[in-house]
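S.K.: The following block contains the structure, expressed as structure tokens.
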2 protein chains.
Amino acid sequence: MMQLSASISSSSSPFLGQINTNYRTPRVSVSVKSNGVCKCVAATPQAPVEETAYTTKVSRNVNMSKLQAGYLFPEVARRRSAHMLKYPDAHVISLGIGDTTEPIPDVITSAMAEKSHSLSTLEGYSGYGAEQGDKKLRAAIASTYYGDLGIDESDIFVSDGAKCDISRLQILFGSNVTMACQDPSYPAYVDSSVIMGQTGQFQKDVEKYGNIEYMRCTPSNGFFPDLSTITKTDIIFFCSPNNPTGSTATREQLKQLVEFAKKNGSIIVYDSAYAMYISDDSPRSIFEIPGAKELTFHLGLSLDLASHSPFPLRTREQVAIETSSFSKYAGFTGVRLGWTVVPKELLFSDGFPVARDFNRIVCTCFNGASNIAQAGGLACLSPEGLKAMRDTVGFYKENTDIIVDTFNSLGFDVYGGKNAPYVWVHFPGRSSWEVFGEILEKTHLVTTPGSGFGPGGEGFVRVSAFGHRGNVLEACKRLKQLYK
Amino acid sequence: MMQLSASISSSSSPFLGQINTNYRTPRVSVSVKSNGVCKCVAATPQAPVEETAYTTKVSRNVNMSKLQAGYLFPEVARRRSAHMLKYPDAHVISLGIGDTTEPIPDVITSAMAEKSHSLSTLEGYSGYGAEQGDKKLRAAIASTYYGDLGIDESDIFVSDGAKCDISRLQILFGSNVTMACQDPSYPAYVDSSVIMGQTGQFQKDVEKYGNIEYMRCTPSNGFFPDLSTITKTDIIFFCSPNNPTGSTATREQLKQLVEFAKKNGSIIVYDSAYAMYISDDSPRSIFEIPGAKELTFHLGLSLDLASHSPFPLRTREQVAIETSSFSKYAGFTGVRLGWTVVPKELLFSDGFPVARDFNRIVCTCFNGASNIAQAGGLACLSPEGLKAMRDTVGFYKENTDIIVDTFNSLGFDVYGGKNAPYVWVHFPGRSSWEVFGEILEKTHLVTTPGSGFGPGGEGFVRVSAFGHRGNVLEACKRLKQLYK
């Protein structure tokens, strides 16, 4: 028998890891080299035949080759799987990738089931919806989350999730913008920027991509960057409550951020995917930061114009886009539903409305979120749905308290947790991948290494509060055993 | 009272058309010009106040500014809406944007309803799924559509639709590739290429973007391009059965296309979204075009290696990606589910597997299709689901016959229809937007103007066969009246 095996590079990823394929061919012994495309080496039966695989002449996208390793969360999942293979009998508990665990409230799933059934009826069937989302859902999002903030339904773009919208926003901005992000931050901001060609190469010494402004957020600055040290960029990604640190920017801090953006003419992309976890008076939306009042200021008047207006007073100086999601409120991580707010008044330097280009992207590169998911979203925003979502959020916040108390009792410096489902634990002087490995190996708990969120996350581990109560309690027991 | 109105450019689109907002402010009269940001002009009560809106300093993406007008189908929808406003009592029938109209078979919607309900239970709940899709669904797609073609489940990337995947593929390829597409063709190929910066400016004289190879498909070449006249490009988009012409490439033609791609080292992106409409022996997948046999040829042997192999024999010379969808088979235009096949053996010029980069895109820019839609997809591929999908396709094909017969009886040259839900009707020497307008104005029927699919579509109108039977019959009656 003769074996052929392709000499293409193998993958470090579990998925696609098995790129080399071996297969058996009839008992022949040939040596053929044909037109430079397929090189076969003579072989006796049973011996391997080498083959240089055919390649296209299409060059690999240089931006893709800049990316370091895989996307963080699949990498965490890979290590979890490897651990489970090594310890098949272990009860592995994941407080890692931020995946929701609690069932979706029945009022919401029933609406989705009903929508599903209705699609099999003549009256209930609908095909393509508006790419921007169902009108009723857009209106409900606008009134529920932005009721008094001057955002209306036509500013809302319903989507299949904030992560997907982040990429669509990057397509919108294109290759020639510069960006800043919190360090540490959700890796999709940086990775999508690399993919779009906005960055330089990865610089191993500092663990940063060239041409990205990393805004360091540490305990010493209260996890809010020192803006006086930050270079002007076109785009500023800002997430509050923050993933991964769990910290929340105050109203005063967000005012500073908005002022900073205005001074520089930047656009803020504000990620509010965890806003429902806020239990103090921190802003839940970047649009809470007054623009209308600044207009008053510019007019030299101290009147509150909005209170005299029969229409919601819209800020004339928009600097922000906001993206959010039902994932962490309603457990829609698998159902896929989010939204992005692009106010009509947000303008590029030539005066062209950003929303018009984003609308073109949404119409060309997307076809709307699933109509069933959208029916679920509408149910989320009913009075019963909102209460059910608050209950779910409340449950996860109880988990957070348990995790925070555990690490506190063990003497760790613990951050976040209060207004977010993430607990940010300091392991000073240690590699976060090493701590991740230690916790996994010794307790069968999956966390997320802080350095996966940027160099500013080194020495930290993110512990997610998404878990069944029993698992969270068991996890804390094991942590107390390990770090007692 | 004082009125402020922003002097930002207004939109030609109905959506976002109302960009200027007027609102009332208290009775004050001020003239302020503050730091170049907000220019307000003195006003007496009731008189307008002009304001130069604040703009960011972020430059508009130059690629976005290259795009001509809006995306085709929203533009058709806009004209339809305008017509309905003009004739509020008219029974407007849409054979335009290719939107499915028949209910989804119950076996499929029941599976989605069941999945929805299960998400409210502890046992049934699941959060993030694999970005590449549910393993069972990937396996079912591979075995149903590619059973004997050497494609396995790990080559399948489940998505929220072919249109979305086309954009993700463009992100994968990046800005420095060149592309070809059929002319006319589905506009997402060209528009996404423009957005990614692969093209030059739109050239009004020829109605083409620079740096795209338009492969003219006309009745005179049987809607298959004369490849001897086509310039080498990196990427070749090819759709068969074709949208909009309804033509289907033969096996012999696809062999020529694959040979052409191999000679040039190109990657074919094959759109098979209408493959289930094929009723003759035309290939349903680009992977039916032999690569394995070419290996035999290169070895100088005529043995069929595959028949001796315990594993499916995979072609070593992959040149193609295939994208497809449940939209037009199961009526999932609103549910959103599709897939893309990227064989592991498809390699960039440096030998790097294309699938690994596409996997990175899918993990970074996407989070998987809705789990409810995926449950529906799995039901589609059950024996009952497949039968139900075939029945739906059969129904639309009957519509197609009715439409083809109508235009034939009126003496038109009619193309497509046989293996596709689209009928391509020739109106020689006439502007297709003009014909579109004539049909809409005189019969209240919405079609799609051929020139919306590229300059090669000028003089044609696409008539979609997606419609209730009564509407299709009524539409044909009106057409017979108009063109008798």
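S.K.: If you plug each phi of the range A:355-362 into the Karplus form 6.51 cos²θ - 1.76 cosθ + 1.60 with θ = phi - 60°, what whole-Hz ³J(HN,Hα) values come out, in order, with x for Gly and Pro?
M.R.: Couplings: 4, 5, 5, 5, 4, 5, 5, 4 Hz.
S.K.: Near A:I230, within a Cβ-to-Cβ distance under 15 Å, what is the net charge of the other residues, with Lys and Arg +1 and Asp and Glu -1?
M.R.: Working: positive: A:K208, A:R216, A:K232, A:K262, A:K263; negative: A:D183, A:E213, A:D226, A:D234, A:E259.
Summing Lys/Arg as +1 and Asp/Glu as -1 gives 0.
S.K.: Right, another one. Give me, ordered by chain and number, the residues 5 or more places off A:E213 or on other chains with an amide H under 5 Å from its own placed amide H.
M.R.: Residues meeting the criterion, in which the H sits 1.01 Å from N, are A:M179, A:A180, A:C181.
S.K.: Could you tell me which trypsin sites (Lys or Arg not before Pro) in the range B:144-231 are loop residues by DSSP with no more than 15 other beta carbons within 10 angstrom of their beta carbon?
M.R.: Those satisfying the criteria are B:K204.
S.K.: Okay, moving on. Spelling out what I want: for every residue of the range A:71-85, take phi, set θ = phi - 60°, compute 6.51 cos²θ - 1.76 cosθ + 1.60 (Karplus), and round to whole Hz; glycine and proline get x.
M.R.: Result, ordered by residue: 4, 3, 5, x, 5, 4, 4, 5, 5, 4, 4, 4, 5, 5, 5 Hz.
S.K.: Along Cα→Cβ at 7 Å, what distances in nm separate the B:P219 label point from those on the other copies, shortest first?
M.R.: When each copy's label point is compared with this one, the spacings are 7.9 nm.
S.K.: Going by a ≥ b ≥ c, the root eigenvalues of the Cα gyration tensor, does the range A:120-178 fall in the rounded group (a/c under 1.5), the prolate group (a/b larger than b/c) or the oblate group?
M.R.: Numbers: a/c = 3.14, a/b = 1.39, b/c = 2.26.
The shape class here is oblate.
S.K.: So who's got an amide H within less than 5 Å of the one on B:T323, skipping anything under 5 residues away but keeping other chains? H placed 1.01 Å off N, in plane.
M.R.: Distant-sequence amide H within range of B:T323: B:Y270, B:D271, B:S272, B:V341.
S.K.: May I pose another question? Considering protein heavy atoms only and a 1.4 Å probe radius, which residues within the range A:146-171 exhibit an accessible-area decrease of no less than 50 Å² in the full assembly relative to the chain by itself?
M.R.: Checking the loss per residue gives A:K163, A:I171.
S.K.: Just give the residues from the range B:341-364 buried by at least 40 square angstrom of accessible area in the all-chains context relative to the isolated chain, probe 1.4 Å, and say none if nothing qualifies.
M.R.: B:K344, B:L347, B:F348, B:S349, B:R356, B:D357, B:R360, B:C363, B:T364
S.K.: Show which lysines lie in cross-link reach of A:K387 when reach means a straight Cα distance below 25 angstrom and same-chain residues fewer than eight apart are skipped.
M.R.: A:K115, A:K135, A:K136, A:K328, A:K397, A:K418, B:K115
S.K.: In addition: In Å², nearest 100, what accessible area do chains B and A bury in total when the solvent probe is 1.4 Å?
M.R.: 11900
S.K.: Mean shadow of the range B:382-460, computed from the convex hull of its alpha carbons, in nm²?
M.R.: Result: 6.3 nm².
S.K.: Using θ = phi - 60° and the Karplus curve 6.51 cos²θ - 1.76 cosθ + 1.60, what whole-Hz ³J(HN,Hα) does each residue of the range A:188-193 get, with Gly and Pro shown as x?
M.R.: Each residue of the range A:188-193 in turn: 5, 4, 5, 4, 5, 5 Hz.
S.K.: On to the next question. Which of the GluC sites (Glu not before Pro) found in the range B:94-187 are loop residues per DSSP with 11 or fewer other Cβ atoms within 10 Å of their Cβ?
M.R.: B:E123
S.K.: Tell me, how many Å apart are the Cα centres for the range A:430-484 and for the range A:151-201?
M.R.: Rounded to whole Å, the Cα centres lie 28 Å apart.
S.K.: If you put a point 7 Å past Cα along the Cβ direction, how far is that point for B:I230 from the same point in each other copy, in nm, smallest first?
M.R.: Those label-point separations list as 4.9 nm.
S.K.: Any aspartates and glutamates with Cα under 12 Å of the A:K477 Cα? List them, leaving off those in the same chain fewer than 8 positions away.
M.R.: By straight Cα distance, A:K477 reaches A:D405.
S.K.: For the range B:217-297, what class follows from the C-alpha gyration tensor (a ≥ b ≥ c being the square roots of its eigenvalues): rounded when a/c is under 1.5, otherwise prolate if a/b is larger than b/c, else oblate?
M.R.: Oblate shape, in that a/c is at least 1.5 and b/c is the bigger or equal ratio.
S.K.: Kindly give the distances from A:L122 to its copy-mates, label point to label point, with each label point 7 Å from Cα along Cα→Cβ, as nm values to one decimal ordered shortest first.
M.R.: Label-point distances to the other copies, shortest first: 4.5 nm.
S.K.: How charged is the neighbourhood of A:M389? Take every other residue with its Cβ under 14 Å from the Cβ of A:M389, and add Lys/Arg as +1 and Asp/Glu as -1.
M.R.: +1
The values are calculated or read from the model by the stated rules, or taken from the named source; none is laboratory data. From a predicted model like this one, the values you see are computed outputs, not experimental measurements. Reconstructed Cβ throughout: ideal geometry from the backbone, glycine too, with neighbour counts over all protein chains shown. Side chains included, ligands, DNA and RNA excluded: accessible areas come from the protein's heavy atoms. Shrake-Rupley method; radii C 1.70, N 1.55, O 1.52, S 1.80 Å.
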